[in-house]
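Below: the structure, in structure tokens.
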């Protein structure tokens, strides 16, 4: 007979759900990586259900989350842009800068602050290209950290529309490079109260390599200031 722990680990996973043990490993890897290459403060970053609905327009668009750094130069921030498929493929998406939300404990509409959004994103891009300490296994942070993550609309539809979640927390974890780990907040609170492993998902396509046509970031181009048609 299976033990309770065995039942937890053998439970069938949902599409793009990360095995709980693997999720814990990614988290521990990121904690270790902080000692090597991550010298920033990562606050709680949440995508709220109302923001999801405002950005996807009846699930027509996908959402790309860009990493940024606040004016203090040490605190991470994140911005959500709607994105659409340029050629009908699953990988070539362009951003729509007409609607931009800053993600945090409370999501804020920053559409009127696009210049400030670009400044935050440019600081992240500059940071990730900065050389780390000599002798470190990664000579550039660009090897580990991505500019943005394109979220899959099927899973967002499942989490917000079918499961009725109000918030999706975005955390970082390390497999080979830094991944964006997504936690349905309400469901996980209930599961933890019941002594069940929380659900963690990984359904984001990182940029690079999955960037929009105007947002290909050359890791050797240190003059990138984040300007242009897309952030």
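Listing for the model above:
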item: Ranked 174, 200, criterion: other C-beta atoms within 10 Å, fewest first; result: 174, 200
item: Shape of the stretch 57-154, Cα gyration tensor, a/c cut at 1.5; result: oblate
item: Relative exposure of 204, 89, judged by other C-beta atoms within 10 Å (fewest first); result: 89, 204
item: Shape category assigned to the stretch 16-207 from the gyration tensor of Cα positions, a/c cut at 1.5; result: oblate
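Taken together, the values in this text are just the output of simple stated rules run on the coordinates, not laboratory data. Just so it is clear, the structure is predicted and the values come from calculations on it, not from any experiment. When we count neighbours, we look across all protein chains shown, and the Cβ atoms used for this are built from the backbone with ideal geometry, even at glycine.
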